[in-house]
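Undergrad: Below is the structure I would like to discuss, written out as structure tokens.
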Amino acid sequence: MAWIRLPRPAWGEDVAHDTAIRRTRADNITRLASGAVLLHLAVVFNSLRGTASIMLSVSGNELGMISLGTPFAAMQPVLFIAGTAATVAGLALWMLAALTGVAIRTRRQVPVHTS
């Protein structure tokens, strides 16, 4: 929906300035959407890391302790690093969008013509 609103309002007198503002808005929309996807991916990685760490231990009579784990438990450190990297990248994109934000409507001085 935000990309649909980019062509509005109509072009002003300073086309180069309007082009720069619209380009910055389009970049910020892309940064916010990509940051949201990366943060969601970080949640998925952290959930998989939690699943990889599931362990079941049962005390058997003659066998002693029986421990069962997930087959991808060795991926737990990699999932932690991937989740952390996705979180940092997503937050960095959001901060970059916040620091390069453009006001929706900017005030311009309009010359007053008197007759």
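The values are calculated or read from the model by the stated rules, or taken from the named source; none is laboratory data. Note that the structure is a prediction, hence the values are computed from the model and not measured. No Cβ is skipped: glycine too gets one built from the backbone with ideal geometry, and neighbour counts run over all protein chains shown. Only protein heavy atoms, including side chains, enter the accessible area calculation; ligands, DNA and RNA are left aside. Shrake-Rupley method; radii C 1.70, N 1.55, O 1.52, S 1.80 Å.
Undergrad: Which percent of the accessible area of the stretch 1-96 is formed by carbon and sulfur heavy atoms (probe 1.4 angstrom)?
TA: Its accessible area is 71 percent carbon and sulfur atoms.
Undergrad: Report Rg(Cα)/(2.2 N^0.38 Å) for the chain, keeping two decimals.
TA: In units of the globular-protein estimate, the chain measures up at 1.94.
Undergrad: Something else: For residue 114 and residue 67 in one chain, what is 0.36 nm times their gap in residues minus the Cα-Cα distance, to one decimal in nm? Please report the intermediate quantities before stating the final value.
TA: Details: separation 47, 0.36 × 47 = 16.92 nm, distance 8.92 nm.
Extra length available between residue 114 and residue 67 comes to 8.0 nm.
Undergrad: On to the next question. Work out, step by step, the length gained on full extension between residue 43 and residue 89: first 0.36 nm times the residue separation, then minus their alpha carbon distance; give nm to one decimal.
TA: Roughly 15.3 nm would be gained on extension.
Undergrad: Taking Cα pairs under 8 Å and at least six residues apart, what relative contact order does the stretch 1-103 come out at, in percent? Intermediate results must be reported in sequence, preceding the final value.
TA: Values: 101 pairs, mean separation 36.7, N = 103.
After rounding, I find 36 percent.
Undergrad: Using a 1.4 Å probe, what is the accessible area per residue for the chain, in Å²?
TA: Working: 9020 Å² over 115 residues.
That works out to 78 Å² per residue.
Undergrad: Can you tell me which of 58, 44, 78 moves the most in a GNM of the chain? Springs connect C-alpha atoms under 10 Å apart.
TA: Top of the fluctuation ranking is 58.
Undergrad: Are there chymotrypsin sites (Phe, Trp or Tyr not before Pro) in the stretch 1-91 that DSSP marks as loop and that have at most 11 other Cβ atoms within 10 Å, and which are they?
TA: Here the chymotrypsin sites (Phe, Trp or Tyr not before Pro) that fit, given the DSSP loop and packing criteria, are 3, 11.
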